[in-house]
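Peer 1: Quick one: the structure is below, questions incoming.
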Amino acid sequence: MKIKSAEFVISNAKVEKCPDSKLPEYAFIGRSNVGKSSLINMLTGRKSLAKTSAKPGKTQLINHFLINKDWHLVDLPGYGYAKVSKSSKKVFQKFITAYFRERKQMVCCFVLIDSRHAPQPIDMEFMQWLGENNIPFNIIFTKADKLKPKVLERNINAYQDKMLETWVAMPEFFVSSANSKLGQEEILEYIEAINEELKPE
Ligand code: GTP
Ligand code: MG
């Protein structure tokens with residue numbers, strides 16, 4: 001898919017205030033600092049569409065971007081950052097869970113996982129929660145450029161093994177790098193295929 005236009009629409013902390021639109025939308029979620037905003041910029045080929053930061057906790061609101069005037073891309077705050085959500089690890093910010101429960105246009109969510117780390121309970125719990133709530137998701141392993149190919153492969157295999165302890169199958173997954181643009185085409189093609197499926201004949 002070619003990105004012809006990418007515009008910021010609105011930021012807010014309330015699901016009710018998200019754009020009143022029937023366009024399909026795709027949300028990017030994951031731990032703080034995993035690279036959600038950077039990935040959005042990489043996918044859209046826009047350097048600073050979504051705000052990024054080396055410090056965790058940069059994105060604090062639900063941010064809607066309109067892509068090709070055809071679908072929404074949503075940048076969400078990270079979970080698991082102590083200063084943002086002081087509650088125990090299990091509790092995600094209320095408005096994030098409300099977003100997933102109530103936003104019917106959200107056709108698929110990408111859970112971002114830092115490819116450098118071993119499986120973390122907070123991500124496992126979050127995916128568990130998505131599963132229990134029948135929210136479609138898949139995984140994007142980020143920051144692939146920070147690892148040697150062999151290590152990357154080993155980490156992803158270990159992740160799959162861990163997932164298969166609780167899931168019947170590994171969700172679809174992608175590997176990405178905001179630096180090298182790895183994953184850009186695959187992820188955009190995946191989104192395009194869903195958009196096409198959803199279009200009336
Ligand atoms: P919050 O909004 O705080 O939840 O973080 P985020 O998940 O949006 O992360 P963000 O995109 O702001 O990136 C966090 C840091 O990781 C920044 O310093 C980015 O430059 C860096 N980063 C993100 N993606 C990549 C990547 O693919 N490769 C490398 N090397 N660094 C990355
Ligand atoms: Mg962010």
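Peer 1: Which one of these is small (Gly, Ala, Ser), open to solvent by less than 50 Å² (accessible area, probe 1.4 Å), farther than 15 Å from Leu39 by Cα and touching a residue at least 12 places away in the same chain (Cβ under 8 Å): Ala98, Ala178?
Peer 2: Ala98
Peer 1: For Lys181, work out the one condition from (1) at negative phi; (2) in contact with a helix residue (DSSP H, G or I) (Cβ under 7 Å, 6 or more places away or on another chain); (3) away from ligand 2 (no atom under 16 Å from the Cβ) it doesn't fulfil.
Peer 2: Condition (1) is where Lys181 drops out.
Peer 1: Right, here's the next one. Inside the range 48-80, can you point out the residues that are within 18 Å of Asn179 (Cα to Cα) and within 9 Å of ligand 2 (Cβ to nearest atom)?
Peer 2: Residues satisfying the conditions are Ala50, Lys51, Thr52, Ser53.
Peer 1: Only one of these is of a type in the set (Val, Ile, Thr) and touching a Leu at 6+ places or on another chain (Cβ under 7 Å): Thr166, Thr97, Thr142. Name it. Talk me through it step by step, then tell me what you get.
Peer 2: Values: Thr166 fails: touching a Leu at 6+ places or on another chain (Cβ under 7 Å); Thr97 fails: touching a Leu at 6+ places or on another chain (Cβ under 7 Å).
Of Thr166, Thr97, Thr142, the one residue that is of a type in the set (Val, Ile, Thr) and touching a Leu at 6+ places or on another chain (Cβ under 7 Å) is Thr142.
Peer 1: From Val74, Val9, which residue is open to solvent by 50 Å² or more (accessible area, probe 1.4 Å), at pLDDT 95 or above and under 21 Å from Leu188 (Cα atoms)?
Peer 2: Every option except Val9 fails the conditions.
Peer 1: Surrounded by 14 or more Cβ atoms within 10 Å (Cβ to Cβ), out of contact with any Leu (no Cβ under 8 Å at 6 or more places or on another chain) and not charged (D, E, K, R): does that describe Leu152? Steps first, answer last, please.
Peer 2: Values: surrounded by 14 or more Cβ atoms within 10 Å (Cβ to Cβ): yes; out of contact with any Leu (no Cβ under 8 Å at 6 or more places or on another chain): yes; not charged (D, E, K, R): yes.
In short, yes.
Peer 1: From the set of residues in the range 33-71 that are in a loop (DSSP other than H, G, I, E, B), buried (at least 19 other Cβ atoms within 10 Å of the Cβ) and in contact with a strand residue (DSSP E or B) (Cβ under 7 Å, 6 or more places away or on another chain), which is modelled with the lowest pLDDT?
Peer 2: If we take residues in the range 33-71 being in a loop (DSSP other than H, G, I, E, B), buried (at least 19 other Cβ atoms within 10 Å of the Cβ) and in contact with a strand residue (DSSP E or B) (Cβ under 7 Å, 6 or more places away or on another chain), then Thr59 is modelled with the lowest pLDDT.
Peer 1: OK, next. Quick check: is even one residue across the range 81-104 within 29 Å of Leu147 (Cα to Cα) and modelled with pLDDT of 95 or more?
Peer 2: No, the conditions are met nowhere in the range 81-104.
Results for (1) in contact (Cβ under 8 Å) with a residue 12 or more places away in the chain; (2) part of a helix (DSSP H, G or I); (3) within 16 Å of ligand 1 (Cβ to nearest atom); (4) surrounded by 13 or more Cβ atoms within 10 Å (Cβ to Cβ), shown as yes or no for each residue.
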position	(1), (2), (3), (4)
Phe141	yes, no, yes, yes
Asp145	yes, yes, yes, yes
Ile194	yes, yes, no, yes
Glu197	no, yes, no, no
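Peer 1: Lys22 fails exactly one of the following numbered conditions: (1) among the basic types (Lys, Arg); (2) closer than 18 Å to Cys109 by Cα; (3) within 11 Å of ligand 2 (Cβ to nearest atom); (4) surrounded by fewer than 22 Cβ atoms within 10 Å (Cβ to Cβ). What is the number of that condition?
Peer 2: Result: Lys22 passes all but (3).
The values are calculated or read from the model by the stated rules, or taken from the named source; none is laboratory data. Here the structure is a predicted model, which is why all the values come from computation and not from measurement. Here the Cβ is made from the backbone with ideal geometry for all residues, glycine too, and neighbour counts use every protein chain on show. Accessible surface is based on the protein model in full, side chains and every heavy atom, while ligands, DNA and RNA are left aside. Shrake-Rupley method; radii C 1.70, N 1.55, O 1.52, S 1.80 Å.
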